[in-house]
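**Student:** Dumping the structure here so I can ask a few things about it.
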Amino acid sequence: MFLFRDDEGDERPQLVIVPMVDVMLFLLAFFVLIAGSAIPGLAVKTNPPETVQKASFKPKEKVVTVVVKKDGAVYYGNKKLTFDELVRLLKSFKKKDGLISLVIDADREASVQALVKVMDAASKAGINSIGLLAKEKNERGS
């Protein structure tokens, strides 16, 4: 039948943390890799203009960030958009969420025409709450 050992109580439980560390490293790598593409507007870097004005933009419930590079190219996340694609994207956000605000993260060397093009797309999509992203500069000029 069954044989029982008398010395079973002498063994102490051991904590093995190697699998736990493996899982944590996997999660860390996963979040680092997707962070750039998961947060729109942070994937494409710009050099925004500076201002001494305090922000007065009051965004609506949903904020959509569009990036305008210095060559005039328009991006949402990592995806480069044409004018028609931008209008369709903004209309889809407007249809889904209703009240949305558009934030334009434009490079300081981007042309005014590129900004007007994005604002025209927003107007065509029915969005009237638009803000421009700028770095805050202290008044001493540094």
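Bear in mind these aren't lab numbers, they're just calculated from the coordinates by the rules spelled out. The model shown is predicted, which means the values in this text are computed figures rather than measured ones. Note that we place each Cβ from the backbone using ideal geometry, even for glycine, and neighbour counts take in every protein chain shown.
**Student:** Too long at a 26 Å Cα-Cα cut-off: which of LYS80/LYS137; LYS96/LYS137; LYS95/LYS137; LYS62/LYS124; LYS69/LYS124?
**Tutor:** Numbers: LYS80/LYS137 29 Å; LYS96/LYS137 36 Å; LYS95/LYS137 37 Å; LYS62/LYS124 18 Å; LYS69/LYS124 21 Å.
Table pairs above 26 Å Cα-Cα are LYS80/LYS137; LYS96/LYS137; LYS95/LYS137.
**Student:** Right, another one. For a paramagnetic label modelled at 7 Å from the Cα of GLU61 toward its Cβ, which residues of the stretch 82-116 fall within the zone defined by backbone nitrogen distances under 11 Å?
**Tutor:** Label zone hits: 96-100.
**Student:** Expressed in nm to one decimal, what extension gain is obtained for the pair PHE26 and GLN14 from 0.36 nm per residue of sequence separation less their Cα-Cα distance?
**Tutor:** Values: separation 12, 0.36 × 12 = 4.32 nm, distance 2.35 nm.
Between PHE26 and GLN14, full extension yields 2.0 nm more.
**Student:** Here's a follow-up. Label points 7 Å out from Cα along the Cβ direction at VAL116 and LYS95: separation in nm?
**Tutor:** 3.0 nm
**Student:** Full-extension gain between LYS135 and ASP84, please, as 0.36 nm times their residue separation minus the C-alpha to C-alpha distance.
**Tutor:** Gain in length upon complete extension: 15.4 nm.
**Student:** Could you rank the peptides 91-98, 69-76, 102-109, 22-29 by their average count of other C-beta atoms within 10 Å per residue, with the highest value first? Could the numbers behind the result be given before it?
**Tutor:** Details: 91-98: 13.1, 69-76: 17.2, 102-109: 19.6, 22-29: 10.1.
Packing order, densest peptide first, comes out as 102-109, 69-76, 91-98, 22-29.
**Student:** Under 15 Å from the Cβ of LYS124, count the other residues' Cβ atoms, weight Lys and Arg +1, Asp and Glu -1, and hand me the total. List each step's numbers first, then the result.
**Tutor:** Details: positive: ARG88, LYS91, LYS94, LYS95, LYS117; negative: ASP84, GLU85, ASP120.
Surrounding charge for LYS124 is +2.
**Student:** In terms of modelled amide H atoms, which long-range or inter-chain residues lie less than 5 Å from the amide H of SER129?
**Tutor:** Counting only residues 5 or more places away or on other chains, the set is LEU102.
**Student:** Given axes a ≥ b ≥ c from the Cα gyration tensor, I'd like to know whether the stretch 50-136 is rounded (a/c under 1.5), prolate (a/b larger than b/c) or oblate. Kindly include the intermediate steps, with their values, before the conclusion.
**Tutor:** On the way: a/c = 1.95, a/b = 1.14, b/c = 1.71.
In terms of gyration-tensor shape, oblate.
**Student:** Efficiency by 1/(1 + (r/R0)^6): what FRET value for SER123 and ALA73, r their Cβ-Cβ distance, R0 = 35 Å, to the nearest 0.05? Write down the numbers at each step before the final one.
**Tutor:** Numbers: r = 20 Å, r/R0 = 0.58.
The pair SER123/ALA73 has a calculated efficiency of 0.95.
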